[in-house]
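The values are calculated or read from the model by the stated rules, or taken from the named source; none is laboratory data. Since we're looking at a predicted model, the values are computed, not measured. Backbone-built Cβ (ideal geometry, glycine too); neighbour counts: all protein chains shown. Surface accessibility is based on the protein's heavy atoms, side chains included, excluding ligands, DNA and RNA. Shrake-Rupley method; radii C 1.70, N 1.55, O 1.52, S 1.80 Å.
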Amino acid sequence: LPHTYLKVDALPTFFSLSPSPPHQLPLLHVMAQFNVAAPEGLGKLNKHLTLQSYMNGYTLSADDFTQFAAFAAEPAEKFPNVLRWYRHIASFSAEEKAAAAAGSSSSSSSAAPAAAEEKKAAAADDDDFDLFGDDDNDEHEAEIERRAQEQLAKKAASGKTVIAKSAIVFEVKPLGTETDLAELERLVRGITMEGLNWGEGRLEDICYGVKKLVISCLIVDDLVSSDILEEKIYEFEDHVQSVDVQSFSKAS
C-alpha cells in the first residue's frame with residue numbers, strides 16, 4: 001500500500017494505522033510540533049505529556065531539546081506536565097544534550113538491513129507489550145524496568161555519560177479529616193536536595209470525602225532514593241498518616 005501523508009497540528013510523535021490482520025499499513029512517523037509561545041500550544045503540549053515522560057514516550061531524544069529550545073522562559077505552573085518536563089530537560093548538561101542529539105542522528109541515518117531487522121523485531125516486541133494494558137502490575141513494572149536498563153546499557157556501551165534517573169509518584173494520606181492538604185503539599189515540596197525535582201501534585205478521594213495527596217518527582221538515582229524521601233515526608237507527623245509509592249519507573 002502507498003504511504004499516506006497527513007498534515008497535522010499536534011499529534012504524539014509516533015502513531016500507526018493498524019487495521020486488522022493480515023493487512024498492516026506502514027508506521028507513520030510524525031514529530032509533534034507545539035507553539036509554546038501561545039497558551040493553546042502549551043495546553044496541547046501539557047496534554048501530550050500527561051501519559052509520557054518525554055516528547056517521544058519514555059526515552060530521551062533530540063526532539064526534547066528541539067522543543068525545549070522553543071521556550072523563551074519557564075512555563076507557568078498551570079501547565080504542570082510541561083513544567084515538570086521543562087525542569088527535567090533543563091537539568092541536562094551540554095554534553096548530555098549533544099550525546100542525545102548525536103544518538104538520534106546516527107539512529108535515523110542508518111539504513112543497513114540488519115538495523116531494519118532489529119527495528120522490526122523491536123516493533124513486534126512493542127505489539128506484545130501494552131504499556132497501559134491490564135496485565136499484572138508486577139510484570140508490567142518489570143517490563144518497563146527491563147527496557148529502561150536496555151537503554152542504559154546501550155548508552156554505556158557507546159561511551160556516553162549515563163545519569164540514571166527515576167520517576168516516582170507518592171501517595172500521602174493525611175493524619176485526619178481536618179488536615180490542611182494545601183499545607184501538606186507545601187511541606188512536601190519544601191523538601192529540597194540535589195538531584196530532586198518535584199512535579200505534578202493532585203488530590204484524590206479515599207472515602208467519605210477524605211482525600212489524599214498524590215505527588216510526583218524526578219530523582220537522580222545516585223543522589224536521592226525513595227526511602228530517603230519517605231522518611232522526610234514522615235517527619236511531618238502532624239500532617240501525615242502514611243506514605244506509599246504509587247509508581248516507580250526509570251526515566252533515563
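Observations on the structure shown:
- Stretchable slack from Ala98 to Lys211, in nm (0.36 nm times residue separation minus alpha-carbon distance): 36.3 nm
- Global size of the stretch 173-252: 12.8, 41 Å for Rg and Dmax (C-alpha atoms, Rg to one decimal, Dmax whole).
- The residues Phe248, Phe170, sorted by heavy-atom accessible surface at 1.4 Å with ligands and nucleic acids left out, run Phe248, Phe170 from largest to smallest.
- In Å, descending, principal axis extents of the Cα set of the stretch 54-97: 29, 21, 16
- Which listed pairs, of Lys154/Lys250; Lys173/Lys232; Lys97/Lys250; Lys47/Lys78; Lys211/Lys250; Lys173/Lys250, have C-alpha distances above 22 Å, in listed order: Lys211/Lys250; Lys173/Lys250
- Segment Ile228-Ser91, extension gain: residue separation times 0.36 nm, minus the distance between their alpha carbons: 47.2 nm
- Dividing the convex hull volume of the alpha carbon atoms of the stretch 157-217 by its residue count gives 95 Å³ per residue.
- Amide H contacts of Lys165 (H built 1.01 Å from N, in plane; Pro and chain starts excluded): Asp221, Ala251, Ser252 sit under 5 Å, all sequence-distant by 5 or more or on other chains.
- Modelled label reach - Glu204, point 7 Å along Cα→Cβ, the stretch 42-65 residues with backbone N closer than 20 Å: 47-54
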